[in-house]
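The values are calculated or read from the model by the stated rules, or taken from the named source; none is laboratory data. From a predicted model like this one, the values you see are computed outputs, not experimental measurements. Note: ideal-geometry Cβ built from the backbone for every residue, glycine included; neighbour counts use all protein chains shown.
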Amino acid sequence: MIAVLLAVSLTAQDHVDVKPAIDLTITGAGLLAVVIPEFYADQLAPAHCRICDGPDNTGLPGTGSRGSLNAVDAFFHDAMTGFIFSRGTADVSSSVWVYGVLVPGAVTAAFLATGPYASEGAGWRATLIVAESAAVSAAVVQGLKFTAARKRPFVRYGTGETSGVYDVNKPDSIFSLPSGHTALAASLGFATAMTASLQESQAAPWLWGGAALGIVTTASLRMMAEKHYFTDVAAGALIGAASGTIFPLLHRRGGALSTPLVSVGAQGPAFAVSGVF
């Protein structure tokens, strides 16, 4: 794969490019930053929630009790929890949707929607850009989850144990902020659509529409599952969208993660450098 990424990489026609050694290192580091804390969650997670919105590790008495919860989160919690799907069904559906539909869909779209100016290996390079964006977004989300340690809605409202769906004693019960599923959906969608746009692919408008659908559907399912508040999914969407926008722009010709512009003529490739001195 690395050989393919390097092959015919320096062409004047390609609008985006990669630096494989740097990009693979960033992607790998991002994945490690996600995976390692998962293995050591029991040791790394705070002993108590830091954003609790009520007594630690307990629900609030009565139905609809809001306490210190802000009005926006309270409204969406009451409106979305169990809406259309039950908590358990929405939880499983959100994971199937993100990992079973959005991930392979983004990889396929990135590989195929390379635009009219793409050279050999363009599909692999676009896929690497999307993977890098998603990995960095996931690493940021993981760090914030352990730092914020916000109690999930099903803990705060006391429905985790009463419904028998969730275990309030697991470290995951205080990893509400931000929503990792929503961040992943946003990073995949934005990175794929942005890369296609930079390459002037005709599929770009459709990919932007798909990105919006992926984000809204994921965020809705996570709130239906009572796993996240509105501010959790909004924060996840913002992080994912930022990563999915910034990294493709860094790979645009002349960007920090792109190779220098090369013109190809009768005498072979020649580097062209311009600037103000």
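Among the residues of the stretch 208-225, count how many are surrounded by 24 or more Cβ atoms within 10 Å (Cβ to Cβ) and more than 30 Å from residue 82 (Cβ to Cβ).
Count: 0.
Residue 258: in contact with a Lys or Arg (Cβ under 7 Å, 6 or more places away or on another chain), assigned to a loop (DSSP other than H, G, I, E, B) and at pLDDT below 95, yes or no?
On the way: in contact with a Lys or Arg (Cβ under 7 Å, 6 or more places away or on another chain): yes; assigned to a loop (DSSP other than H, G, I, E, B): yes; at pLDDT below 95: yes.
So residue 258 passes the test.
State whether the residues of the stretch 125-135 include one that is surrounded by 15 or more Cβ atoms within 10 Å (Cβ to Cβ) and of a type in the set (Ser, Thr, Tyr). Give the derivation first.
First, pick out the residues of the stretch 125-135 that are surrounded by 15 or more Cβ atoms within 10 Å (Cβ to Cβ): 125-135.
Still in the list and also of a type in the set (Ser, Thr, Tyr): 127, 133.
Yes - at least one qualifying residue is present in the stretch 125-135.
Within the stretch 96-109, track down each residue that is small (Gly, Ala, Ser) and touching a Leu at 6+ places or on another chain (Cβ under 9 Å).
Of the residues in the stretch 96-109, the ones small (Gly, Ala, Ser) are 100, 105-106, 109.
Matches in the stretch 96-109: 105, 106, 109.
With 271, 277, 190 as the choices, which residue is among the aromatic types (Phe, Trp, Tyr) and modelled with pLDDT of 95 or more? First the steps, then the outcome.
Values: 271 fails: modelled with pLDDT of 95 or more; 277 fails: modelled with pLDDT of 95 or more.
On inspection, the qualifying residue turns out to be 190.
Of everything in the stretch 65-81, what is modelled with pLDDT of 90 or more and among the charged types (D, E, K, R)? Give them in sequence order.
73, 78
For the stretch 232-255: of the residues being charged (D, E, K, R) and either closer than 17 Å to residue 30 by Cα or outside any helix (DSSP H, G or I) (or both), which is nearest to the chain's Cα centre (by Cα)?
At the first step, the residues of the stretch 232-255 found to be charged (D, E, K, R) are 232, 252-253.
Now restrict to residues that are either closer than 17 Å to residue 30 by Cα or outside any helix (DSSP H, G or I) (or both): 252-253.
Working: 252: 20, 253: 24 Å.
Step by step, filter the stretch 232-255, then rank; the result is 252.
Within the stretch 143-170, take every residue that is out of contact with any Phe, Trp or Tyr (no Cβ under 9 Å at 6 or more places or on another chain) and modelled with pLDDT of 90 or more and give me the one that is farthest from residue 49 (Cα to Cα).
Only one residue fits best here, namely 143.
Of 164, 189, 160, which residue is more than 23 Å from the chain's Cα centre (by Cα) and surrounded by 20 or more Cβ atoms within 10 Å (Cβ to Cβ)? Quick ask: steps written out before the conclusion?
Values: 164 fails: surrounded by 20 or more Cβ atoms within 10 Å (Cβ to Cβ); 189 fails: more than 23 Å from the chain's Cα centre (by Cα).
When all the criteria are applied, what remains is 160.
Considering only residues that are in a loop (DSSP other than H, G, I, E, B) and either touching a residue at least 60 places away in the same chain (Cβ under 8 Å) or over 22 Å from residue 80 (Cβ atoms) (or both), which ones fall in the stretch 125-170? I'd like the intermediate steps shown before the answer.
So in the stretch 125-170, the residues in a loop (DSSP other than H, G, I, E, B) come out as 149, 151-152, 157-158, 164-170.
149, 151, 152, 157, 158, 165, 166, 168, 169, 170 - these are the residues of the stretch 125-170 that are in a loop (DSSP other than H, G, I, E, B) and either touching a residue at least 60 places away in the same chain (Cβ under 8 Å) or over 22 Å from residue 80 (Cβ atoms) (or both).
What are the pairs with Cβ atoms under 7 angstrom where one residue, in the stretch 228-241, is more than 15 Å from residue 214 (Cβ to Cβ) and in contact (Cβ under 8 Å) with a residue 12 or more places away in the chain and the other, located anywhere, is acidic (Asp, Glu) and surrounded by fewer than 24 Cβ atoms within 10 Å (Cβ to Cβ)? Sequence gap at least six, or different chains.
Partner pairs satisfying both residue conditions: 229/73; 230/73; 231/73.
With the structure loaded, tell me whether residue 55 is over 23 Å from residue 192 (Cβ atoms) and either modelled with pLDDT under 65 or of a type in the set (Phe, Trp, Tyr) (or both) or whether it fails that test. Spell out the reasoning first.
On the way: over 23 Å from residue 192 (Cβ atoms): yes; either modelled with pLDDT under 65 or of a type in the set (Phe, Trp, Tyr) (or both): yes.
Answer is yes for this residue.
It is to be established whether one or more residues within the stretch 113-124 are out of contact with any strand residue (DSSP E or B) (no Cβ under 9 Å at 6 or more places or on another chain), among the charged types (D, E, K, R) and not in a loop (DSSP other than H, G, I, E, B).
Within the stretch 113-124, not a single residue is out of contact with any strand residue (DSSP E or B) (no Cβ under 9 Å at 6 or more places or on another chain), among the charged types (D, E, K, R) and not in a loop (DSSP other than H, G, I, E, B).
For the stretch 226-255, name all the residues that are in contact with a Phe, Trp or Tyr (Cβ under 8 Å, 6 or more places away or on another chain), crowded, with 23+ Cβ neighbours inside 10 Å and either at pLDDT below 95 or under 23 Å from residue 166 (Cβ atoms) (or both).
Hits for the stretch 226-255 are 226, 227, 229.
For the stretch 192-206, give me the residue count where each residue is of a type in the set (A, V, I, L, M, F, W, C) and surrounded by fewer than 24 Cβ atoms within 10 Å (Cβ to Cβ).
Our first condition is that a residue be of a type in the set (A, V, I, L, M, F, W, C); within the stretch 192-206, this holds for 193-194, 196, 198, 203-204, 206.
Adding the requirement that they be surrounded by fewer than 24 Cβ atoms within 10 Å (Cβ to Cβ) leaves 198, 203-204, 206.
Residues flagged as of a type in the set (A, V, I, L, M, F, W, C) and surrounded by fewer than 24 Cβ atoms within 10 Å (Cβ to Cβ) within the stretch 192-206 amount to 4.
Give 121, 105, 143 a once-over and let me know the one that is of a type outside the set (A, V, I, L, M, F, W, C) and over 19 Å from the mean Cα position of the chain (by Cα).
121
Return only the number of the condition from (1) at pLDDT 95 or above; (2) in contact with a helix residue (DSSP H, G or I) (Cβ under 9 Å, 6 or more places away or on another chain) that residue 104 does not satisfy.
Failed condition: (2).
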